[in-house]
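Notes follow once the structure below has been shown.
The values are calculated or read from the model by the stated rules, or taken from the named source; none is laboratory data. Just so it is clear, the structure is predicted and the values come from calculations on it, not from any experiment. Here Cβ is always computed from backbone atoms with ideal geometry, including for glycine, and neighbour counts include all displayed protein chains. Ligands, DNA and RNA are stripped out before the accessible areas are found, and what is left, the full protein with its side chains, is counted by its heavy atoms. Shrake-Rupley method; radii C 1.70, N 1.55, O 1.52, S 1.80 Å.
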Amino acid sequence: MNPANYLYLSAILFSIGAVGVLVRRNAIVMFMCVELMLNACNLAFVSFSRINGNLDGQVIAFFVMVVAAAEVVVGLAIIMTIFRTRRSASVDEANLLKY
Amino acid sequence: MSPFSGALAPAAGEISARTASGSFTQIWLLIALPLLGAAILLLLGRRTNAWGHWVGVLMSAGSFAIAVSLFLAMRQESGGNRAFTQHLLQWISVGTFQVPFDLRIDQLSMVFVLLITGVGTLIHIYSVGYMSHDHDRRRFFGYLNLFVAAMLLLVLADNYLVLYVGWEGVGLASYLLIGFWFYKETAAVAAKKAFVVNRVGDVGLSVAVMLMFVTFGSVTFEGVLGNAPKASQTSLTLIGLALLLAACGKSAQFPLQSWLLDAMEGPTPVSALIHAATMVTAGVYLIARSNAIFNAAPTAQTAVIVIGAITLIMGAIIGCAKDDIKKALAGSTMSQIGYMVLAAGLGPIGYVFAIFHLLTHGFFKATMFLGAGSVMHGMNDQVNMRRFGALRTVMVLTTITFFAGYLAILGIPPFAGFYSKDKIIESAFAHSTLVGLVTLVGAAITAFYMTRLVAMTFLGKARWPDDAHPHESPAMMMIPVSILAVLSTVSGFLLLNNNWIVNWLEPVVGFEEPVLGFNVNILQYGTLAVVLVSAALGYVLYARRPVPEVAPVGSLLTQAARADLYGDAVNEAVFMRPGQYLTRFLVWFDSRVVDGAVNGTAALLGGLSGRARRTQNGFTRSYALTMLGGAALVIAALVLVRL
């Protein structure tokens, strides 16, 4: 199978993730969309690794997974705290930090 | 028949001088004594209140004694060897530019020194009596001594820069003394006005000094006047006009005449000493001293004559309409100094007579001012002549002395003014008939307003206010006035006896015999006739007819003269208002345009930042969109560059 198809899939997944981040208000859903974008990146890295015939992309994919795991820990903690204080996970309502 | 022996001598004055030796090394003491007096009185303050005025008198008298001894010593020398210089210190030393602080005494300085210290001492004594009720008498004498010191420095300077110091010194003393009763608003304003108007003239002097330095590379009398014939006509004319501006300021000549009438707010002895006898004649001294420059610059000379002629007529017209006795005398002073300036503009035929008239005027005008002071002293400081009248009955000595001054200014023989004013009229006719006629008309108006003044004050019926009890002034005041009255009577005859004043001054200012196209006697009798007719007119109008206690409206000319011939109005319209408009415009320009540009830039940036700040709206998703857009742009740019 042509490895370029994986790249197309990766681009589609990334776009779905990006649109999800931009249009959804629920923090949890936005978070999942971010995960989707990260994993689309991972897919692209692995595909490039395959296309180029070396392991660099795969190594970076592991790094991304580690970063994504760490991000989930911090991010979910923040979302939990916000939800507890405001009884809502809407990011549009958590807009006090502004001009 | 020529009564003058100096006709064949060189016309221009000499400026060479010997270094002082023997008794002439005391020149500096002339200035130091009154300066010491001023320092004691002003620095020790109230502690000297009890005896301070006598220190003032003593210092002035000591200076006069030295002046007399120097005068006697100078008479021992021969005519061309009477100038002495004394080197005090090297004042400014910059490369080739050297200004020594030198004093110089010659025949011209000598007569001034005698006038200043002599009349000055008499007026000091008079002031002891006149100011006896003033709790600030000590300060008054401090200022008076300061004035005498500054005036002596002015006439004893050996270069224009030292002269400038004295020039400013007398201006300061004049300001302090006009504003002596500074708690009166009119006095404070008058002092300020005198100071400001004098500054205009002082600019002329400083410009003249700068031009001298540019032209001659020196500011000493010897360096400037000795080289004057070699300089270009343009430079000499410019220097001459700048000196004339200086003289106009100090001597209250048109167009800087406006301060003198207001200066009468000062105590009367000040009016007599500073604003009649000495300081206001400094301009005449400056022109006579700079004779070498004016002789070589005919345009400047013509300007001097024109200024003198205008002021002579203006002052006389103003004197005719004033009801304030001191202001009438001030108008007369302007007019008489106009005579001197005019004579100084005539060149070598006039310098000597300008100084001669200056001396006699110093005597008779001081007599009359002190007489006016005596009248005010007896009338509770009343100055309105419409409330005087018939004072001859109660103030006999004042009346007699005042009449000596009156006859002297009219030029009735054998009083002093006859000799000096006649010589000026003669020189004026020798110059041109037009100038001669101006002086003749001036003499006629002088006779009219002086007759009006004495008629309203001493003759006619009493129009005294109810609370006035006129009485003769104390001897302390009347003795100096009497001495001055005697001088007003005899000084003209004594000074012109054997042509003494001409021979005395000729080595310094030069002399040429005025040549008339007709017999001198015709002119003398003609002048006398004009003066007598004019005086008779004044007598009929103001002594024979009753004088209304409230001034009638009067003709247009009277109203104009009461308003000082609109001198103040012109100054206001030409200088003050446009100046105010200019400052207002500049303030507007500063606050709107300059500040506007600065504040506008700040406001623009502030406004822009305010708008830009709005993009930080707290919506996470909009940040995300921005990031996405930014990332897309970066990638697009990278792709474009690759391609």
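How high is the FRET efficiency from A:Asn26 to B:Ser609, r the C-beta distance, R0 25 Å, rounded to 0.05?
On the way: r = 34 Å, r/R0 = 1.36.
E(calc), rounded to 0.05, equals 0.15.
Counting pairs of alpha carbon atoms under 8 Å apart in space and at least six apart in sequence, what relative contact order in percent does the range B:367-449 give?
Details: 55 pairs, mean separation 16.6, N = 83.
So the answer I get is 20 percent.
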Q. Taking the Cα centre of the protein assembly as shown as the origin, how large is its charge dipole in debye, to the nearest 20, when only Lys and Arg (+1) and Asp and Glu (-1) carry charge on their Cβ atoms?
A. 2140 debye
Q) How many nm is it between the label spots at B:Leu29 and B:Phe589, if each spot is 7 Å from the Cα in line with the beta carbon? A) 5.9 nm
**Q.** Where labels lie 7 Å past Cα in the beta-carbon direction, separation of A:Asn54 and B:Leu172 in nm
**A.** 9.2 nm
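Between B:Ala597 and B:Val165, what length in nm is gained on full extension when 0.36 nm per residue of separation is reduced by their alpha carbon distance? Write down the numbers at each step before the final one.
Numbers: separation 432, 0.36 × 432 = 155.52 nm, distance 4.52 nm.
Gain on extension, B:Ala597 to B:Val165, equals 151.0 nm.
Based on DSSP H runs of at least 4 residues, each adding -39500 (n - 2.57), what is the mean residue ellipticity at 222 nm of chain A after dividing by all its residues, to the nearest 500 deg cm²/dmol?
After summing the helix terms and dividing by the residues of chain A, the value is -27500 deg cm²/dmol.
Only helical DSSP H runs with n ≥ 4 go in: add -39500 (n - 2.57) per run for chain B, normalise by residue count and round the 222 nm mean residue ellipticity to 500 deg cm²/dmol.
Values: 26 runs with 432 residues, N = 643.
Computed mean residue ellipticity for chain B: -22500 deg cm²/dmol.
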**Q.** Loop trypsin sites (Lys or Arg not before Pro), the range A:61-99 (other Cβ atoms within 10 Å of the site Cβ: 10 or fewer; DSSP)
**A.** A:Arg87
Q. By how many degrees, 0 to 90 and rounded to 10, does the Cα axis of helix B:520-539 deviate from the longest principal axis of chain B?
A. 80 degrees
Q: Translational diffusion coefficient, Stokes-Einstein: compute it for the range B:155-257 using the Kirkwood radius over C-alpha pairs as Rh, at 20 °C and 1.002 mPa s, and state it as an integer in µm² s⁻¹.
A: 147 µm²/s
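Just the Kirkwood number for chain B, please: inverse of mean 1/r across all distinct Cα pairs, in Å, one decimal. Show your work: numbers first, answer last.
Working: mean 1/r = 0.0376 Å⁻¹.
So the Kirkwood estimate lands at 26.6 Å.
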Q. Of B:Ala573, B:Gly95, B:Leu146, whose Cα points farthest to the positive end of the dipole of chain B (charges on the beta-carbon: +1 Lys, Arg; -1 Asp, Glu; origin at the Cα centre)?
A. B:Ala573
Q) Three principal axis extents, largest first, for the C-alpha atoms of the range B:581-643, in Å? A) 66, 35, 7
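Taking the Cβ-Cβ separation of B:Gln616 and A:Ala4 as r and a Förster radius of 45 Å, what is the calculated FRET efficiency to the nearest 0.05?
0.65
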Q: Would you mind pulling out the separation of the Cα centroids of the range B:431-450 and the range B:618-643, in Å?
A: 99 Å
Q) Length gain on complete extension for the stretch B:Val639 to B:Glu77, per 0.36 nm per residue less the alpha carbon to alpha carbon distance? A) 191.3 nm
**Q.** Dipole-positive endmost among A:Asn42, A:Val67, A:Met80 within chain A (Cβ charges, Cα centre)
**A.** A:Met80
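Let me know the Kirkwood hydrodynamic radius for the range B:428-512, please, with Cα pairs as the basis and the value in Å to one decimal.
Values: mean 1/r = 0.0574 Å⁻¹.
Every distinct Cα pair counted, the radius reaches 17.4 Å.
Give me Rg over Rh for chain A, both radii from the alpha carbons and Rh done the Kirkwood way, two decimal places. Walk me through the intermediate numbers first.
Details: Rg = 16.4 Å, Rh = 15.0 Å.
Radius of gyration over Kirkwood radius for chain A works out to 1.10.
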**Q.** Most positive-pole-ward Cα, B:Met456, B:Trp181, B:Gly226, against dipole of the protein assembly as shown from beta carbon charges
**A.** B:Trp181
Q) Mind checking Rg over Rh on the range B:263-392, alpha carbons, Kirkwood formula for Rh? A) 1.05
Q) Could you work out Rg/(2.2 N^0.38 Å) for the protein assembly as shown, with Rg from alpha carbons only? A) 1.63
Q) How far is helix B:27-44 tilted, in degrees, relative to the longest principal axis of the Cα atoms in chain B, given as a value from 0 to 90 rounded to the nearest 10? A) 60 degrees
Q. Relative contact order for chain B using alpha-carbon pairs under 8 Å, separation at least 6, rounded to a whole percent?
A. 14 percent
**Q.** Ellipsoid semi-axes in whole angstrom, largest first, where each is sqrt(5λ) of the Cα gyration tensor of the range A:50-99
**A.** 36, 12, 8
Q | Delta accessible area of at least 40 Å² on complex formation, residues of the range B:603-632, 1.4 Å probe, chain isolated as reference | A | B:Arg614, B:Gln616, B:Gly618, B:Phe619, B:Thr620, B:Arg621, B:Leu628
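What accessible area, summed over both chains, is buried at the A-B interface (1.4 Å probe, Å², nearest 100)? Don't jump to the answer; show the numbers that get you there.
Working: alone 7170 and 26360 Å², together 32410 Å².
The contact between B and A buries close to 1100 Å².
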Q) Each label point is 7 Å from the Cα along the Cα-to-Cβ direction; what then is the distance between the points at B:Leu58 and B:Leu537, in nm? A) 5.4 nm
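Report, in debye and to the nearest 20, how large the dipole of the range B:551-602 comes out about its Cα centre when Lys and Arg carry +1 and Asp and Glu carry -1 on their Cβ.
Details: 4 positive and 5 negative charges, 22 e Å.
The dipole of the range B:551-602 has a size of about 100 debye.
Which entries of B:Lys192/B:Lys322; B:Lys184/B:Lys250; B:Lys365/B:Lys421; B:Lys326/B:Lys421 have Cα-Cα distances beyond 19 Å here? Each step should come with its number before you reach the end.
Details: B:Lys192/B:Lys322 22 Å; B:Lys184/B:Lys250 24 Å; B:Lys365/B:Lys421 14 Å; B:Lys326/B:Lys421 22 Å.
Result: B:Lys192/B:Lys322; B:Lys184/B:Lys250; B:Lys326/B:Lys421 exceed 19 Å.
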Q) Where does the longest stretch of chain B lie that holds no trypsin sites (Lys or Arg not before Pro) found in a DSSP loop with 11 or fewer other Cβ atoms within 10 Å? A) B:1-460
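For the range B:382-474, give the magnitude of the charge dipole about the Cα centre (Cβ charges: +1 Lys/Arg, -1 Asp/Glu; no others), in debye to the nearest 20. Let's see the in-between values first.
Details: 8 positive and 5 negative charges, 42 e Å.
The calculated dipole for the range B:382-474 is roughly 200 debye.
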**Q.** Those residues of the range B:440-464 whose amide nitrogen sits under 16 Å from the label point placed on B:Ala390, 7 Å along Cα→Cβ
**A.** B:455-464
